[in-house]
Amino acid sequence: MLDFGDRRIMGCSRTDLERWVRELTGLQDRSFLADRLDLSDTGIPVCLVVRELAPRRIGLVSFAQLELWFDYPPGQADAARDWIRRFDRHTQRGGG
């Protein structure tokens, strides 16, 4: 699988992203505080940091967009990237 690095532009809302994290982790009590969703206290060494972008427009249709960074301690990069790969597989839709 390709390594997409630690930054994404995702066509989703914060609510979508929170739902996907809950589905993947089973943690039902997680939501963004300001622009961060910190999972580090759960054994997952990752904090998701988002910035809302202007909606993407394709003709008359518009889609919410987020810029997403994965923040993690350098010493836990392997564990963090393993989780990020699982996150990527979980959020892939339709292509194939």
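Of everything in the stretch 27-41, what is among the small types (G, A, S) and more than 14 Å from A80 (Cβ to Cβ)? Give them in sequence order. Can you show your working first?
Here is the first cut: in the stretch 27-41, the residues among the small types (G, A, S) are 31, 34, 40.
The answer is S31, A34.
Which one of these is modelled with pLDDT of 90 or more and under 18 Å from M10 (Cα atoms): R93, R56?
On the way: R93 fails: modelled with pLDDT of 90 or more.
Exactly one residue qualifies, and that residue is R56.
Taking into account only those residues within the stretch 1-12 that are of a type outside the set (A, V, I, L, M, F, W, C) and surrounded by 15 or more Cβ atoms within 10 Å (Cβ to Cβ), which is farthest from the chain's Cα centre (by Cα)?
To start, the set of residues in the stretch 1-12 that are of a type outside the set (A, V, I, L, M, F, W, C) comprises 3, 5-8, 11.
This time we only want the ones that are surrounded by 15 or more Cβ atoms within 10 Å (Cβ to Cβ), so: 6, 8.
Details: D6: 10, R8: 8 Å.
Within the stretch 1-12, the match that is farthest from the chain's Cα centre (by Cα) is D6.
Considering the stretch 60-76 alone, what residues qualify as being free of Cβ contacts under 8 Å to residues at least 40 places away in the same chain and loosely packed, with under 14 Cβ neighbours inside 10 Å?
Those that are free of Cβ contacts under 8 Å to residues at least 40 places away in the same chain and loosely packed, with under 14 Cβ neighbours inside 10 Å: L60, V61, S62, P73, P74, G75.
In this structure, does T25 turn out to be surrounded by 10 or more Cβ atoms within 10 Å (Cβ to Cβ), among the polar types (S, T, N, Q) and in contact (Cβ under 8 Å) with a residue 24 or more places away in the chain? Before you say what the answer is, go through the steps one by one.
Values: surrounded by 10 or more Cβ atoms within 10 Å (Cβ to Cβ): yes; among the polar types (S, T, N, Q): yes; in contact (Cβ under 8 Å) with a residue 24 or more places away in the chain: no.
In short, no.
With the structure loaded, tell me whether L17 is touching a helix residue (DSSP H, G or I) at 6+ places or on another chain (Cβ under 8 Å), crowded, with 16+ Cβ neighbours inside 10 Å and of a type outside the set (S, T, Y) or whether it fails that test. Break it down into steps so the answer makes sense when it comes.
Working: touching a helix residue (DSSP H, G or I) at 6+ places or on another chain (Cβ under 8 Å): no; crowded, with 16+ Cβ neighbours inside 10 Å: yes; of a type outside the set (S, T, Y): yes.
The answer is no for L17.
Hey, could you check the stretch 28-45 for residues that are among the acidic types (D, E) and under 14 Å from the mean Cα position of the chain (by Cα) and say which is modelled with the lowest pLDDT?
Out of the qualifying residues, it is D38.
The values are calculated or read from the model by the stated rules, or taken from the named source; none is laboratory data. Predicted model, so just to flag it, every value in this text is computed and none were measured. So basically every Cβ, Gly included, is an ideal-geometry build from the backbone, and we count neighbours across all protein chains shown.
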